[in-house]
Amino acid sequence: MKKEIKIALVAIAGIIILFFGMNFLKGMSLFSDKNVYFVTFDDVSGLSSSSPILANGYRVGVVKEIQYDYTGKSNIVVRFSLKEDQMQLPVGTTATIASDFMGNVKMHLNLPPTDQRGMGMLSTGDTIRGAANDGLMSRAAEMLPQVEKMLPKLDSILANLNALSGDPALARSLHNAEAITRDLTTSTRQLNALMSNLNQQLPPLMTKADGVLDNAQQLTKNLSSVDLEATMARVDQTIANLQSATAKLSDKNGSMGLLLNDPTLYNRLNETMHSAEQLLNDIREHPRRYINVSVFGRKDK
């Protein structure tokens, strides 16, 4: 009989320890229920007892209890406690519920800025206003209708892409692009060879260019050393002599002028040439009149 009593006591103690351990792991304190506040929500969005409460990203408490207000005044009342007895909530604090992609629901305490906390602190047992936060999941849910509208367009785009990828013209274009790339590679190689040859031939060309420049400089030096005034004086003298000779040729009283301008001399020369032509023609036609040829010769008298 005593053995059964011991086993029952051990089992009860284990259950009590398990209960306290589970509550401790959840962040709930069964012995401290001093720093307790209330939040009213229209929709708790999956919030439950033992859900964590965060302030500025730091865990400050846990949800104690959720009660539905059947009177219809505040819908749902959430009772929560802060784990630090010294922590007080400023007037103007609100609460929001948010959930992540993993489905974990948390309640955030939105504390007013430091410069707006002059209205004092809330007392234990006061009620603050709460609202559901849109969060990422709500935003994703709002985007679903737009995504559904985009799905037909995406199907059309994918169909067009499939048709384009199966078009033989695209394969020919890619083949042509490959050929063009190969030709460009060959052209680049030839251009590199040409540039290499130019680099090899450039020093001799530069040497020749330097020689040409030296010759040009020497020519310029020679031209600068020429007495241009004396040369121009000689040119002027030559032009004057030519003008004088031209004037003498144009003068009818001079010998050259008479030769060039007197028609009598021209007529006489013309008659002389005509007579000489007649004489030559007569010699050609009657050579024996002017030349006597003896085959055997003559005896001297």
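Taking the stated definitions as given, is Thr71 at pLDDT 80 or above and on the phi < 0 side of the Ramachandran plot?
Values: at pLDDT 80 or above: no; on the phi < 0 side of the Ramachandran plot: yes.
When the stated conditions are applied, Thr71 does not pass them.
Given the residues Gln217, Gln146, Gln200, which is the only one that is over 33 Å from the mean Cα position of the chain (by Cα), in a helix (DSSP H, G or I) and within 30 Å of Ser99 (Cα to Cα)? Before you say what the answer is, go through the steps one by one.
Values: Gln217 fails: within 30 Å of Ser99 (Cα to Cα); Gln200 fails: within 30 Å of Ser99 (Cα to Cα).
Being over 33 Å from the mean Cα position of the chain (by Cα), in a helix (DSSP H, G or I) and within 30 Å of Ser99 (Cα to Cα) holds for just one of Gln217, Gln146, Gln200, which is Gln146.
Those residues that are of a type in the set (A, V, I, L, M, F, W, C) and either touching a residue at least 40 places away in the same chain (Cβ under 8 Å) or farther than 30 Å from Ala98 by Cβ (or both), I need them from the range 149-174; list them, please. Steps first, answer last, please.
Narrowing the range 149-174 to residues of a type in the set (A, V, I, L, M, F, W, C): 150-151, 154, 157-159, 161, 163-164, 169-171, 174.
Leu154, Ile157, Leu158, Ala159, Leu161, Ala163, Leu164, Ala169, Leu170, Ala171, Leu174, listed by residue number.
Tally the residues that are within 18 Å of Pro52 (Cβ to Cβ) and free of Cβ contacts under 8 Å to residues at least 60 places away in the same chain, restricting the search to the range 90-134.
Summing the residues that are within 18 Å of Pro52 (Cβ to Cβ) and free of Cβ contacts under 8 Å to residues at least 60 places away in the same chain in the range 90-134 gives 18.
Are any of the residues in the range 249-260 assigned to a helix (DSSP H, G or I), among the small types (Gly, Ala, Ser), at pLDDT below 80 and surrounded by fewer than 11 Cβ atoms within 10 Å (Cβ to Cβ)?
At the first step, the residues of the range 249-260 found to be assigned to a helix (DSSP H, G or I) are 249-250, 255-260.
With among the small types (Gly, Ala, Ser) added as a condition, the list becomes 250, 255, 257.
Next cut, at pLDDT below 80 only: 250, 255, 257.
When the remaining residues are screened for being surrounded by fewer than 11 Cβ atoms within 10 Å (Cβ to Cβ), the result is 255.
Checked against the condition, which is being assigned to a helix (DSSP H, G or I), among the small types (Gly, Ala, Ser), at pLDDT below 80 and surrounded by fewer than 11 Cβ atoms within 10 Å (Cβ to Cβ), the range 249-260 yields at least one hit.
Among what's in the range 115-142 and is at pLDDT below 80 and surrounded by fewer than 11 Cβ atoms within 10 Å (Cβ to Cβ), pick the residue that is farthest from the chain's Cα centre (by Cα).
Among those residues, the one meeting the criterion is Met119.
The values are calculated or read from the model by the stated rules, or taken from the named source; none is laboratory data. Just so it is clear, the model here is predicted, and its values are computed rather than measured. We place every Cβ from the backbone using ideal geometry, glycine too, and count neighbours over all the protein chains shown.
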